[in-house]
Amino acid sequence: MTKRSVQNISTIPDEGIDKGAQRLTPDQVSRVIRRHLEEEGGARLKVYTETCVHCGLCSDACHFYLSHDHDPKFSPAGKVKQTLDKIIRKKGRVSIDFIKKTAEIAFTECNLCRRCVMYCPFGIDVAYLMLFLRRICHKLGVVPQYIQDTAHSHAATMNQMWVKDDEWIDTLHWQEDEARDEIPDLRIPLEKQGADIFYSVIGPEPKFRAQMIYQAAVIMNAAGMDWTMPATPGWDNSDMCMYTGDEEMVARLKKVHFETAMRLKTKRIVMGECGHAYRSVHDVGNRHLGWKMSPLPVMHAIEFYYELFKDRKLKVNQKYDAPVTLHDPCNVVRGGGLHEMARYVINETCSRFVEMHPNREHNYCCGAGGGVINCGPPYTNKRVVSNRVKADQLADAKARGAKTIIAPCHNCFGGLEDIVKHYGLGMEIKFLGDVIYECMDKE
Amino acid sequence: MVGVAFTVFLAGSFFRLISMWRLAKKKDGLIFSYISIFFALRSIVHWILPFAGVSMRKHPAMTIVAFLFHVCLFAVPIFLSAHVILFKESWDISWWRLPDMAAEIMSWSVIGSCLFFLGRRIFLPEVRYLTSLSDYLILAAVAVPFISGLWSYHQWAAFQVVMIVHIISGEIMLMIIPFTRLSHMLFFPFTRGYMGSEFGAVRHAKDW
Amino acid sequence: MTKQKHNFCLAIEFFRKISSMKQTKILFYSVFSILFLLVGAFAAFSQEDIETVNDSAFENQTRPPVVFFHDTHNENAAIEECNACHHMFEDGKRLDDDDSIGMECSECHCSKMKDSMADLIRVYHLQCGGCHLKQKTGPVMCGECHRKR
């Protein structure tokens, strides 16, 4: 039964994959893959694929595996076996259908959350291997349509959501106007030279969640921070190209982002509540530009809020009363170690906190990250069905009293929304900023 | 024969490590920038202590068997009194010897562990799915020297022939270490250490 | 009595020869085991005929003592000189006209402070096994000499 249902989800039509595959010839496939293996397949690829002893211990790490009734096809090593192992063994001489299948597995059956790295005794980085496959797909032009569209947007506009330059400035003015109704002297300082903080957000904030910029401005204002945002491209810290395998674009995007912060002579970058952007700015993009760490200090919102509360820059009027639970996003917890800071902020702002289990580095992925939610509507059902284990985990927290889920990451927020809705959990989801905004002293 | 086996093992291991080092220098230069001895050791220590990590606590049977297996797998061939005496005879060097009784129990442990691993490969779907012929062969390559060793020790039927099997299978096992998945013995400190460094120094998180 | 002993050895030699043929191997071992039991029982009554290699320095024996028929061995191996095995050294030189009959190997080979049991074991193994290897005859595997009873 399970097998059949899996088969059904596995043949999801996707314009990007299908049209891309139509343009390929088998000869092209093997030529591109062989060249890729030769050029970019290094010691990590070799060691990871050659030392895995197929012990299966990684399985328990993966929410796909756990949610699909322990179907071994969804275990981390199982996904590598179906795709990369064959590609390497056949030296790239694989069929076009095989590439389509590989693209689906690499793009929609792995969130690159790296939980399995903590369950593999050797520390084999399956996320790296999946990204290696995604880059092959990128080079072959077989990428799910929706995420490829965001990558195109990155290339054309330097932001993820086709936001035009004037629209960006307009949005900021609009949010400033709105906020001034509440706090008359509030400003969203544009292009301020030498400010302490360069505040950057992801493309979807001005596009869909403009109130988050409003809230950030209120927090900055109340804390008396010296901050600014740019009026030029470079304001977007997000990076879907990191997930499509378009590494050249990763470098371009981060270059513009860092250079904009430096053009304004700011001292540090503070980012909104986004996990993958943090991964890109703090961990990945800097490497593509030849920086060991980011060229100027980078802070995720969690870290920034922590600093504000630690330094007593923000005061809380009344603590958030509904019991909250915290979802630890992979990119800021396994990828940034910010879990204790998040708990500190929650402790400062909420009266009741319920841990979900597992938590911190061992938290289950939201199922949306790693670009999976960005692969769009064709995969929504699969994504939600593939994370039943998250629903169980949330239901358990709910049973112990939690009413609100705090998800300090855009992708997690979106992914959890879908899960809460699909499984009828009836829980509210909030960003950390939402909670702070609600209960802070705004004067 | 033994000389050949040791040479292949040592030279092969050396060759694999050096060529991987060079490949890493050429293609994965970042490893050298991000490796941090402290965090590498922190991770390795957590993974060579039984039950130090969540994964190990989740699979207590596997953890106990895996540790027992690896300890015995190393200790028996090196400290078995018959082997030490052979080294003494050939090269006039000797070291501490295991009491025969202990060596016997440990050898049975290795065989038992191999059966446990075989059982996992056959009965656990997630392991069976990953298993191919080579995995069974490697398991056999490890088990045969111990089975034949015990056989010869007890001088069961045809032990002279089994002794030959013991010697040859032992040498085969030694020689294939660098060139098969058994090379995890060589690469474990590097893969774990690299991941430990990335998790510790860059990502400020645990990896166990 | 010596003749009996001799015949027994010839029997062993005979069976060893057959043992190289695979089909008869199992047969051989069953016959051999029965024979062994018989000999064991027999040995209880004629202790002085069967000799084992013994050295008082081996206090805790971890392997069965080596069965060694002195006269038969020397007859088969055509060893005339006693000091072929019972050698005597002086200042690192082997003396052709002296021997060490009546002495235990450990009297020389385990006499120095640094000598360990492993050293004594080593010289025994080299003395017997070394010659067997050189002559390309005689047992060399552990269990061939250290037979379990």
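The values are calculated or read from the model by the stated rules, or taken from the named source; none is laboratory data. It should be emphasised that the depicted structure is a prediction, and the values quoted were computed from it without experimental measurement. Here Cβ is always computed from backbone atoms with ideal geometry, including for glycine, and neighbour counts include all displayed protein chains. Heads up: the accessible areas ignore ligands, DNA and RNA and are worked out on the full protein's heavy atoms, side chains in. Shrake-Rupley method; radii C 1.70, N 1.55, O 1.52, S 1.80 Å.
Would the range A:91-113 turn up any residue that is under 26 Å from B:TYR136 (Cβ atoms) and either at the interface with chain B (Cβ under 9 Å from one of its Cβ atoms) or touching a Gly at 6+ places or on another chain (Cβ under 7 Å) (or both)?
no
Are there helices (runs of 4 or more DSSP H) fully within the range B:66-132 with at least 3 residues that are among the charged types (D, E, K, R) and open to solvent by 20 Å² or more (accessible area, probe 1.4 Å)? List them.
It comes to B:100-123.
So how many residues does the range C:76-93 have that are in a helix (DSSP H, G or I) and either without any contact (Cβ under 8 Å) to a residue 24 or more places away in the chain or touching a Pro at 6+ places or on another chain (Cβ under 7 Å) (or both)?
3
Considering every residue within the range A:39-46, establish whether at least one is more than 9 Å from every other protein chain (Cβ to nearest Cβ), surrounded by fewer than 24 Cβ atoms within 10 Å (Cβ to Cβ) and at pLDDT 95 or above.
No, the range A:39-46 contains no residue that is more than 9 Å from every other protein chain (Cβ to nearest Cβ), surrounded by fewer than 24 Cβ atoms within 10 Å (Cβ to Cβ) and at pLDDT 95 or above.
Taking A:MET262 as the residue in question, decide whether it is more than 30 Å from A:LEU133 (Cβ to Cβ), open to solvent by 10 Å² or more (accessible area, probe 1.4 Å) and within 14 Å of chain B (Cβ to nearest Cβ).
So A:MET262 fails the test.
Restricting attention to the range A:130-149, which residues are over 22 Å from A:ARG114 (Cβ atoms) and in a helix (DSSP H, G or I)?
Answer for the range A:130-149, where residues must be over 22 Å from A:ARG114 (Cβ atoms) and in a helix (DSSP H, G or I): A:LYS139, A:LEU140, A:GLN145, A:TYR146, A:GLN148, A:ASP149.
Can you confirm whether B:ARG203 is under 30 Å from B:THR7 (Cα atoms) and within 14 Å of chain A (Cβ to nearest Cβ)?
When the stated conditions are applied, B:ARG203 does not pass them.
Kindly establish whether A:LYS255 is open to solvent by 20 Å² or more (accessible area, probe 1.4 Å) and not in a helix (DSSP H, G or I).
Criteria not met by A:LYS255.
Between A:THR157, A:THR150, which is out of contact with any His (no Cβ under 9 Å at 6 or more places or on another chain), surrounded by fewer than 24 Cβ atoms within 10 Å (Cβ to Cβ) and either farther than 18 Å from A:ASN411 by Cα or not assigned by TED's automatic domain parsing to the domain that holds A:THR232 (or both)?
From the options A:THR157, A:THR150, the qualifying one is A:THR157.
Scan the range A:112-121 and tell me whether some residue there is in contact (Cβ under 8 Å) with a residue 24 or more places away in the chain, out of contact with any Asp or Glu (no Cβ under 9 Å at 6 or more places or on another chain), assigned to a loop (DSSP other than H, G, I, E, B) and open to solvent by less than 10 Å² (accessible area, probe 1.4 Å).
Checked against the condition, which is being in contact (Cβ under 8 Å) with a residue 24 or more places away in the chain, out of contact with any Asp or Glu (no Cβ under 9 Å at 6 or more places or on another chain), assigned to a loop (DSSP other than H, G, I, E, B) and open to solvent by less than 10 Å² (accessible area, probe 1.4 Å), the range A:112-121 yields at least one hit.
Of all residues being without any contact (Cβ under 8 Å) to a residue 40 or more places away in the chain and at the interface with chain A (Cβ under 10 Å from one of its Cβ atoms) in the range B:157-187, which is most open to solvent (accessible area, probe 1.4 Å)? Just the residue, please.
So, considering only residues that are without any contact (Cβ under 8 Å) to a residue 40 or more places away in the chain and at the interface with chain A (Cβ under 10 Å from one of its Cβ atoms), the one most open to solvent (accessible area, probe 1.4 Å) is B:MET185.
Among the residues of the range A:161-187, write down those that are open to solvent by 90 Å² or more (accessible area, probe 1.4 Å) and assigned to a loop (DSSP other than H, G, I, E, B).
Result: A:TRP162, A:LYS164, A:PRO184, A:ASP185, A:ARG187.
If you go through the range A:189-220 one residue at a time, how many are of a type in the set (Ser, Thr, Tyr) and open to solvent by less than 10 Å² (accessible area, probe 1.4 Å)?
Residues flagged as of a type in the set (Ser, Thr, Tyr) and open to solvent by less than 10 Å² (accessible area, probe 1.4 Å) within the range A:189-220 amount to 1.
Looking at B:MET1, B:MET20 in this structure, which one is of a type in the set (A, V, I, L, M), in contact (Cβ under 8 Å) with a residue 60 or more places away in the chain, within 12 Å of another protein chain (Cβ to nearest Cβ) and touching a helix residue (DSSP H, G or I) at 6+ places or on another chain (Cβ under 7 Å)?
Exactly one residue qualifies, and that residue is B:MET20.
Find the residue count for the range A:344-368, including only residues that are open to solvent by 10 Å² or more (accessible area, probe 1.4 Å), within 15 Å of the chain's Cα centre (by Cα) and more than 14 Å from chain B (Cβ to nearest Cβ).
Here the count works out to 0.
Answer yes or no as to whether A:PHE309 is hydrophobic (A, V, I, L, M, F, W, C), surrounded by fewer than 23 Cβ atoms within 10 Å (Cβ to Cβ) and more than 14 Å from chain B (Cβ to nearest Cβ).
Considered against the rule, which asks whether it is hydrophobic (A, V, I, L, M, F, W, C), surrounded by fewer than 23 Cβ atoms within 10 Å (Cβ to Cβ) and more than 14 Å from chain B (Cβ to nearest Cβ), A:PHE309 comes out as yes.
Return yes or no: is A:ALA77 open to solvent by less than 30 Å² (accessible area, probe 1.4 Å), part of a helix (DSSP H, G or I) and within 11 Å of chain B (Cβ to nearest Cβ)?
Here the answer is yes, as A:ALA77 does meet what is asked.
Could you say which residue among C:LEU95, C:LEU126 is open to solvent by less than 90 Å² (accessible area, probe 1.4 Å), within 13 Å of another protein chain (Cβ to nearest Cβ) and not aromatic (Phe, Trp, Tyr)?
C:LEU126
Of the residues A:THR2, A:THR83, which single one is of a type in the set (Val, Ile, Thr) and at pLDDT below 95?
Matching residue, one of A:THR2, A:THR83: A:THR2.
Confirm whether C:ARG147 is within 11 Å of chain B (Cβ to nearest Cβ) and basic (Lys, Arg).
yes
Which condition does A:PRO72 not pass, out of (1) open to solvent by 10 Å² or more (accessible area, probe 1.4 Å); (2) more than 10 Å from every other protein chain (Cβ to nearest Cβ), if it passes all the others?
For A:PRO72, the exception is condition (2).
Sort out which residues of the range B:23-74 are more than 9 Å from chain A (Cβ to nearest Cβ) and among the hydroxyl-bearing types (Ser, Thr, Tyr), and write them in order of number.
Hits for the range B:23-74 are B:SER36, B:THR63.
When you check B:ILE138 against the structure, is it part of a helix (DSSP H, G or I), touching a residue at least 40 places away in the same chain (Cβ under 8 Å), closer than 20 Å to B:LEU182 by Cβ and over 17 Å from the mean Cα position of the chain (by Cα), yes or no?
It is false that B:ILE138 is part of a helix (DSSP H, G or I), touching a residue at least 40 places away in the same chain (Cβ under 8 Å), closer than 20 Å to B:LEU182 by Cβ and over 17 Å from the mean Cα position of the chain (by Cα).
Could you look through the range B:141-172, keep only residues that are among the polar types (S, T, N, Q), touching a His at 6+ places or on another chain (Cβ under 9 Å) and part of a helix (DSSP H, G or I), and pick out the one that is farthest from B:PHE69 (Cα to Cα)?
Selected residue: B:SER152.
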